[in-house]
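The values are calculated or read from the model by the stated rules, or taken from the named source; none is laboratory data. None of the values given here were measured: they were computed from a predicted structure. Positions of Cβ are backbone-derived with ideal geometry, glycine not excepted, and every protein chain shown enters the neighbour counts.
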Amino acid sequence: MEDVTLAPTKNLTTPDFGGATDVTIIDILVKPGDSIEKDMPIMTLESDKATMELPASEGGVVKELKVKVGDKVSTGSLLLTIETKDDQKPQPKSEPEAKTETSTNTKESVSTTSKPVVAPIDTKSVQKNKSQEQVSDQTADLDEAQENEDVHAGPGVRRLAHELGVDLNQIQGSGPKDRILKEDVNQFVKSKLSQVGTNQSAVGFDLPKIDFSKFGETATEALSRIKKLSGKNLQRNWMMIPHVTQFAEADITELEAFRAEQKVAMEKESVKLTPLVFIMKAVVAALREFPQFNASLEANGEALVLKKYFHIGVAVDTPDGLVVPVVRDVDQKGLVTLAKELSQLSDKARKKQLTPNEMQGGSFSISSLGGIGGTAFTPIINYPEVAILGVSKSTYRPFYQDGQFVPRLMLPLSLSYDHRVIDGAQGARFIMYLSQMLSDIRNLLM
Ligand code: CAO
């Protein structure tokens, strides 16, 4: 008979967490056959207070896992069995199972280290996050842990990857046994970001890099800071908000006659009375009638925040790009005050003197290209608002009235709205109401 020294297979159990029970296993970092050393992390556990890595209380070769991801354990639960280095000598076939202790809850089964060390990982931030996050996030973490079961990474790294939306499977770990470290995740994100600047476009899609000089002479002009900033917002708004644009015209023949009368007198006071201030007043009247246009969609998409104030953003064209100062409380101001404010704000905008406060808090925006020309356009909604009015140049057109053609000054209106919030019928009603307000000057003067 062969002379072998048989040491019993050892159980590794859950250490004392200070009375915590039903702690969830969110990751298992080892598998049967793996050689582990004392203090090497073997599992990741998550209680309602913290996520922690559980180090091996003893080294050896993992023989059998007694738990799986998602199981709940308490102090003394059997996690896995190991063969210590001495145990790895040949053993009689009938013996090993008999040598394995099967008790899952006895203190005696705790391995030889008297006080196993549990290393809480970033407990403070995990606690903070837990109070802020929903239960669904915990489920998401668990799902992610199950998806990445083969990935060798600790909970802090997994959380970081989860927050950054990084797939750990794509990362080569630089730690012991290819363990993925936080630095690896950061490096991965850095390299992805740098790719955006090289072979990816600013919009995040892979676009071919074209050498236009092959076709003729070119020059490169850097975008202004304002253009880069507003470009990002425009892109986000265009892509995130389902836009519909409704077109209509307003007959502003009478309004224009009134404006022409007032204009001369106002010019003496250095006030420039353009159609825009009338449009602002008409918009407020329409917003009062259709409050869902003077609103924002809550971030969870489940409710509308209706605003009782009427702060109107006005797009201003500047040499450096588009800015949108906000004229506050338009409902409480007369045409002359509005004209003065508009002129001051657009002047400040062009001199780059607007304060952040002067560009915040708008509840609806107007983009007027009426001073330039064009018949219609599709303005992009200025998030978090839900609608924007585009105004084009008014022109005289013949209208058939009482058996003859008469010239009427028609103002083209383009209303873009967020279709999640506003139905097509509401969009049409709003623009027709607005048109009516502008067509009868008495509506605005009352
Ligand atoms: N139809 C016909 N004429 C119009 C008009 C319209 N809809 N709107 C303005 N005008 C006239 C004005 O009456 C003025 O002529 P008079 O001096 O003879 O009265 C002339 O056009 C120039 O007006 P303005 O542009 O200086 O003044 P405004 O109040 O109409 O607009 C402002 C102010 C700041 C909005 C404008 O200067 C501007 O920057 N517009 C561009 C906005 C923009 O770029 N929008 C696109 C954003 S992308 O969605």
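In the set (1) more than 15 Å from F278 (Cα to Cα); (2) touching a residue at least 12 places away in the same chain (Cβ under 8 Å), the condition left unmet by L335 is number (1).
Restricting region 196-229 to residues that are of a type in the set (F, W, Y) and either assigned to a loop (DSSP other than H, G, I, E, B) or at pLDDT below 90 (or both), the residue that is farthest from M410 (Cα to Cα) is F215. Residue count for region 369-385 satisfying the condition of being near the ligand (Cβ under 8 Å from one of its atoms) and not aliphatic (A, V, I, L, M): 4. If you take the residues of region 235-250 that are in contact with a helix residue (DSSP H, G or I) (Cβ under 6 Å, 6 or more places away or on another chain) and within 26 Å of L297 (Cα to Cα), which of them is nearest to the ligand (Cβ to nearest atom)? Step by step, filter region 235-250, then rank; the result is A248. Scanning region 389-411 for residues that are within 7 Å of the ligand (Cβ to nearest atom), within 15 Å of M280 (Cβ to Cβ) and in contact with a helix residue (DSSP H, G or I) (Cβ under 8 Å, 6 or more places away or on another chain) returns V391, L411. The set of residues in region 274-306 being in a loop (DSSP other than H, G, I, E, B) and under 19 Å from L413 (Cα atoms) consists of T274, F290, N294.
Conditions (1) in contact (Cβ under 8 Å) with a residue 40 or more places away in the chain; (2) more than 11 Å from the ligand (Cβ to nearest atom), marked per residue:
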| position | (1), (2) |
| --- | --- |
| N300 | no, yes |
| L306 | no, yes |
| D320 | yes, yes |
| V324 | yes, no |
| T355 | no, yes |
| E358 | no, yes |
| G361 | yes, yes |
| S367 | yes, no |
| A387 | yes, yes |
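For region 428-441, a tally of residues being touching a helix residue (DSSP H, G or I) at 6+ places or on another chain (Cβ under 9 Å), more than 16 Å from the ligand (Cβ to nearest atom) and part of a helix (DSSP H, G or I) returns 4.
Candidates K228, K333, K272: the one that is surrounded by fewer than 19 Cβ atoms within 10 Å (Cβ to Cβ) and over 25 Å from the mean Cα position of the chain (by Cα) is K272.
Being at pLDDT 95 or above, aliphatic (A, V, I, L, M) and more than 17 Å from Q246 (Cα to Cα) is true of V406. Is it the case that some residue within region 251-272 is in contact with a Pro (Cβ under 9 Å, 6 or more places away or on another chain) and away from the ligand (no atom under 11 Å from the Cβ)? Yes - at least one qualifying residue is present in region 251-272. The set of residues in region 368-423 being within 28 Å of the chain's Cα centre (by Cα), farther than 23 Å from A299 by Cβ and not in a loop (DSSP other than H, G, I, E, B) consists of L389, G390, L415. Scoring A339 on the criteria (1) in a loop (DSSP other than H, G, I, E, B); (2) within 9 Å of the ligand (Cβ to nearest atom); (3) surrounded by 16 or more Cβ atoms within 10 Å (Cβ to Cβ); (4) among the aliphatic types (A, V, I, L, M) leaves a single failure, condition (1). Conditions: (1) within 14 Å of the ligand (Cβ to nearest atom); (2) modelled with pLDDT under 95; (3) within 27 Å of T375 (Cα to Cα). K232 meets all but one. Number of the miss? Condition (1) is where K232 drops out.
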